[in-house]
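The values are calculated or read from the model by the stated rules, or taken from the named source; none is laboratory data. Just so you know, these numbers come straight off a predicted model, no measurement behind them. Cβ placement follows ideal geometry from the backbone for every residue including glycine, while neighbour counts extend to all protein chains displayed.
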Amino acid sequence: MRLIVEIYDEETECIATVVCFEVNQIEELLPLLCLEEFYPQATYELERSDIQRINERFNLNIDTDASLVKLRGEMATDDLPYQIHTNRELALMLAGEKPLSVFAESLPPSSEVEEIPERLFDPYVATGRFIKKEYIEPVQAGSEVMIRRVLYAFPTEYWRINAYILLLETAKKSGWSEGFERMEGSLLGYTDQQNEAYIDFMRTQTMARQRKPESEEPGRIEPT
């Protein structure tokens, strides 16, 4: 099994470095992390002592002084030929490499969904570096549960916020499609080549799910 260690930047709280390693048997990890069972779909925050034991056992050089280090199992999106923006949004925007970031949460909030990192983005809104907009809509017609989206863009790229909301509104009427997938990716700052790779990836995942027996659950696809 391939495992992924994500080292986060303290200032932006975004993934700064990724370390991959393999284990022959998942049971190898249990004593290192003081766990009785390891769930590949879960994400584990590592303590300094955990990192030290993993470094020694697998001959790695993970920074034990990092403010936040997480361990998880491999996901399907790890095989994409580029890094998805999830958990990298603020760092990419500050580097000028991402013109639009979009976050979503349910109202009332769900404990299963990570909190929108407004406290990290809003100081840049206050200085005028980013523009912020909220967009709230029901999960479906007649539902009391709402989806709250928070969108951030550069002032010169504010049109992307309106275009993204228009995309959502149009998709509700016509249904989602590959064309909308490409448009969403472009609005979020992915290149044409990355969009093409993601579309191919989605097609492969769809075909794989169709081939699986009904008793098997499909893999979780991370958002772009």
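A few remarks follow.
A quick yes/no check of all residues on (1) closer than 26 Å to Pro117 by Cα; (2) out of contact with any Phe, Trp or Tyr (no Cβ under 7 Å at 6 or more places or on another chain); (3) modelled with pLDDT under 95:
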{"site": "Val5", "(1), (2), (3)": "yes, yes, no"}
{"site": "Glu10", "(1), (2), (3)": "yes, yes, no"}
{"site": "Cys14", "(1), (2), (3)": "yes, no, no"}
{"site": "Ile26", "(1), (2), (3)": "no, no, yes"}
{"site": "Ser49", "(1), (2), (3)": "no, yes, no"}
{"site": "Gln52", "(1), (2), (3)": "no, yes, no"}
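- Pairing each residue of segment 185-212 that is at pLDDT below 90 with any residue that is surrounded by 12 or more Cβ atoms within 10 Å (Cβ to Cβ), provided the two are 6+ apart or on different chains, yields C-beta distances under 7 Å for Gln205/Ala76; Gln205/Ile221; Arg209/Pro218; Lys212/Pro218.
- Close pairs from segment 137-166: first under 24 Å from Pro123 (Cβ atoms), partner charged (D, E, K, R) and not in a loop (DSSP other than H, G, I, E, B), Cβ under 6 Å, at least 6 apart: Arg148/Glu105; Val150/Glu134; Leu151/Lys133; Tyr152/Lys132; Ala153/Arg160; Ile161/Lys133
- Residue in segment 163-183 that is at pLDDT 90 or above, exposed (fewer than 12 other Cβ atoms within 10 Å of the Cβ) and within 25 Å of Thr12 (Cβ to Cβ) present: no
- Filter result (part of a helix (DSSP H, G or I), farther than 19 Å from Glu97 by Cβ and among the charged types (D, E, K, R)) within segment 149-181: Glu169, Lys172, Lys173, Glu178, Glu181
- Only a single item in (1) under 23 Å from Ala42 (Cβ atoms); (2) in the same structural domain as Val23 (by TED's automatic domain parsing); (3) over 14 Å from the mean Cα position of the chain (by Cα); (4) not hydrophobic (A, V, I, L, M, F, W, C) is not met by Pro109, and it is number (2).
- Filtering segment 79-116 to residues that are part of a loop (DSSP other than H, G, I, E, B) and aromatic (Phe, Trp, Tyr) leaves only Tyr82.
- Some residue of segment 128-138 being surrounded by 12 or more Cβ atoms within 10 Å (Cβ to Cβ), in the same structural domain as Tyr190 (by TED's automatic domain parsing) and at pLDDT below 95: yes
- Checking Leu92 against (1) at pLDDT below 95; (2) within 30 Å of Phe154 (Cα to Cα); (3) not acidic (Asp, Glu), the condition it does not meet: (1)
- The set of residues in segment 145-163 being among the β-branched types (Val, Ile, Thr) and over 18 Å from the mean Cα position of the chain (by Cα) consists of Val145, Thr156, Ile161.
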